[in-house]
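The values are calculated or read from the model by the stated rules, or taken from the named source; none is laboratory data. Values in this document were obtained by computation on a predicted structure and should not be read as measured data. A quick note on method: Cβ atoms are made from the backbone with ideal geometry, for glycine too, and the neighbour counts reach across all protein chains shown. The accessibility values were calculated without ligands, DNA or RNA, using every heavy atom of the protein model including side chains. Shrake-Rupley method; radii C 1.70, N 1.55, O 1.52, S 1.80 Å.
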Amino acid sequence: MSVRRITVLISGGGSNLQALIDARDQGRLKVEISLVISSRADAFGLERARKAGIPTSILQQDEFPRRADYDRKLAELIAVGSPDLVVLAGFMRIVGPEVLQRFAGKLINLHPSLLPLHRGTNTYERAIKSGDTEHGASVHFVTADLDAGPVISQVRIPIDAQDQPATLAARLSPREHQLLVATVELFSHCPVECTHGVITLDGETLKQPLVLDPNGFF
Ligand code: GAR
């Protein structure tokens, strides 16, 4: 089934959420953003959602001493938006088993590295320190292992000799926005499935992640 409704999970600025909203408003992305859930009450992304008329929910972990309770509540909230796809766009919480089970195959995450390189945090710093010549971002299916699910798509950018984490992040950011839009657009056009770690696009096995071209398409 192609994706018609998405729910977006955020924790911060929400620039990637904004890219989805803009693509929707421009008619490129033919999906309804039915709900935005933030793990922080002060996330600027919530403002972006409200301005765009998208319902919002806040779910802060410190209100739930037990991880499993947070996870259960998150699953309940996600279900409110009846999404075909749940997009983690800067959501800085680990998704627990209840959410993973209930939305199996429907959870994707944007991560700022060329996975499987640099899972976790501080990816820009680690790419520079490792002497990598390229950095980038990946969209992958979410599994129980952090940033380790099957990768659907990537964007690559060169690392310059004078790059600092901040300059690299600033250069990647607009490309990351394009990557997320193009990937959600893909889900809206054709069935993208993930079974036993294997991704299929319209029934065809995806052997390598799709790579974004300079114009923001696959
Ligand atoms: C993005 O760079 C995204 O790749 C990263 O958080 C940022 C959110 O920016 N995600 C992760 O690090 C997840 N591990 P935004 O709030 O402006 O969209």
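Residues that are in a loop (DSSP other than H, G, I, E, B) and touching a residue at least 12 places away in the same chain (Cβ under 8 Å) were ranked within the stretch 49-63; the one that is surrounded by the most Cβ atoms within 10 Å (Cβ to Cβ) is Ile54. For Ser153, the criteria (1) touching a residue at least 24 places away in the same chain (Cβ under 8 Å); (2) out of contact with any Leu (no Cβ under 6 Å at 6 or more places or on another chain); (3) small (Gly, Ala, Ser) hold in every case but one, which is (2). Residues in the stretch 137-149 that are surrounded by fewer than 17 Cβ atoms within 10 Å (Cβ to Cβ) and in contact with a Gly (Cβ under 8 Å, 6 or more places away or on another chain): Leu146 only.
Can you pull out the residues in the stretch 45-54 that are over 17 Å from the mean Cα position of the chain (by Cα) and within 13 Å of the ligand (Cβ to nearest atom)? Residue satisfying the conditions is Glu47 alone.
Going through (1) open to solvent by 60 Å² or more (accessible area, probe 1.4 Å); (2) touching a strand residue (DSSP E or B) at 6+ places or on another chain (Cβ under 7 Å); (3) assigned to a helix (DSSP H, G or I); (4) not aromatic (Phe, Trp, Tyr) one by one, Ser82 falls short only on (3). With respect to the conditions (1) within 12 Å of the ligand (Cβ to nearest atom); (2) surrounded by fewer than 22 Cβ atoms within 10 Å (Cβ to Cβ); (3) assigned to a helix (DSSP H, G or I), Leu186 lacks only one, and its number is (1). Applying the criterion of being farther than 15 Å from Val142 by Cβ and open to solvent by 10 Å² or more (accessible area, probe 1.4 Å) to the residues of the stretch 89-115, the residue that is farthest from the ligand (Cβ to nearest atom) is Leu114. When the stretch 93-111 is filtered for residues that are closer than 20 Å to Val184 by Cα, assigned to a loop (DSSP other than H, G, I, E, B) and touching a residue at least 60 places away in the same chain (Cβ under 8 Å), only Gly105 remains. Which ones in the stretch 1-39 are within 16 Å of the ligand (Cβ to nearest atom), in a helix (DSSP H, G or I) and out of contact with any His (no Cβ under 7 Å at 6 or more places or on another chain)? Once the filter is applied, which keeps residues that are within 16 Å of the ligand (Cβ to nearest atom), in a helix (DSSP H, G or I) and out of contact with any His (no Cβ under 7 Å at 6 or more places or on another chain), the stretch 1-39 yields Leu17, Gln18, Leu20, Ile21, Asp22, Ala23, Arg24.
Mind checking whether some residue in the stretch 167-174 is small (Gly, Ala, Ser) and free of Cβ contacts under 8 Å to residues at least 12 places away in the same chain? Yes.
Restricting Ser153, Ser113, Ser130 to residues that are farther than 18 Å from Thr183 by Cβ and hydroxyl-bearing (Ser, Thr, Tyr) narrows the list to Ser130.
Considering each residue of the stretch 64-71 in turn, at least one proves to be within 23 Å of Gln101 (Cα to Cα), open to solvent by less than 70 Å² (accessible area, probe 1.4 Å) and among the small types (Gly, Ala, Ser).
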